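First comes the structure, then the notes that go with it.
The values are calculated or read from the model by the stated rules, or taken from the named source; none is laboratory data. This one's a predicted model, so the numbers in the text were calculated from it and none came from an experiment. Glycine also receives a Cβ, built like all others from the backbone with ideal geometry; neighbour counts cover every protein chain displayed. These area figures cover heavy atoms from the full protein model, side chains too; ligands, DNA and RNA do not enter into them. Shrake-Rupley method; radii C 1.70, N 1.55, O 1.52, S 1.80 Å.
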Amino acid sequence: MTKAIPKDVRDLDEVRERIDGLTGVEALKLEQIARRFVASCDAPDLLQEAFSRILEGGRNWPSDIEFLPFMAQVMRSIASTERRKTDSRPELRVVPHHGEQLTFDTVADPNGTPEDIVGEWDELAAARELFAGDDTATTYIDAIVAGFRRQEIMELCDLDANGYETVTRRIKRRLEKRSLKDVHNA
Amino acid sequence: MPDRDDVARKLALADILVEDILNMSDSEVLAEAKDDGISPDEALARVKGRFKAAETNLSKAKLKAARAAVDNDRQRANVVRLETKDIERYRKAIRHGDGLTLAARNGTHMSTNDELNLIEDMIELGIDIDDKE
């Protein structure tokens, strides 16, 4: 039986039309968003997986949400789910005993699958490393991770609204440049 | 301090930065792309290419599932294999009405195809006919 599509979501023809009408700026944003959720080498796969979920009907595009925020939600959901899976999965692999091909041992796997790479990739660690000598940026990052709100972070870092935006943009730019460097080095 | 799980903590910074990306103006995005040496047209081609790839993969998966369903039907259709000696044994029983119901005993008035279908049904139902010869 085919799954009924709720009335407040857009159908696949509308999704295809939206993709047809996508602009270069929107494509740049989608690629950047993907690079914020997973390692840069996995970002194109994350984007494709998001498209797959939408085409398969696993995720419906609500009528009251713009396309880019919706795509960001889908990509975040995939990244979050994969991280949870890898966090709870024991990393084991099967290896033959010495000189014996028919019996095997399981040991910790040093080589990651694509899902492991999603789980192991940690933008926070990368951000802390990049801003190691920058007290304002590291305080800002730690406060966000701790769940502080914008106003609290501004007070904590002694920033006004413009200062907050500037720090956010500075962190985003440095991380993006690092991601692009990783893509070139891959 | 809010109680947040590890995955949410790991994604907290990404969430803030993604919000910033979504709020950027076209001119800001284009200026950054120029600074990074990224072409918007190439980005557009890559994104559309990924959408096309997702569509192609989905079509392939559907085709694979359809083929598997057809193969499954074929296998089911081949469950009853009639051997010549079995056909003759069952045919004799049908025509003589040996231990069979009235409906089955009308075999003498059946076409060859109907007779074969009846034999298939009997085998499928587990009705065995003793070979008296």
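Matching residues to (1) within 7 Å of chain A (Cβ to nearest Cβ); (2) not β-branched (Val, Ile, Thr):
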position	(1), (2)
B:8	no, yes
B:16	yes, no
B:27	no, yes
B:33	yes, yes
B:37	no, yes
query = Of A:135, A:122, A:87, A:109, which residue is modelled with pLDDT under 75 and under 30 Å from residue A:164 (Cβ atoms)?
reply = A:122
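Conditions (1) at pLDDT 95 or above; (2) basic (Lys, Arg); (3) under 28 Å from residue A:65 (Cβ atoms), marked per residue:
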| residue | (1), (2), (3) |
| --- | --- |
| B:6 | no, no, yes |
| B:11 | no, no, yes |
| B:31 | yes, no, yes |
| B:55 | yes, no, yes |
| B:59 | no, no, yes |
| B:76 | no, yes, no |
| B:87 | no, no, no |
task = Output the helices (runs of 4 or more DSSP H) that fall wholly within the stretch A:1-71 and possess 3 or more residues being open to solvent by 60 Å² or more (accessible area, probe 1.4 Å) and of a type outside the set (Ser, Thr, Tyr), or say none.
result = A:12-20, A:43-56
request  = Search the stretch B:43-61 for residues that are within 7 Å of chain A (Cβ to nearest Cβ) and free of Cβ contacts under 8 Å to residues at least 12 places away in the same chain and pair each with any residue that is open to solvent by 30 Å² or more (accessible area, probe 1.4 Å) and not in a helix (DSSP H, G or I) when their beta-carbon atoms are under 9 Å apart and the residues are at least 6 apart or on different chains.
outcome  = B:44/A:23
query = Among the numbered criteria (1) at pLDDT 95 or above; (2) open to solvent by 70 Å² or more (accessible area, probe 1.4 Å), which single criterion is violated by residue B:96?
reply = (1)
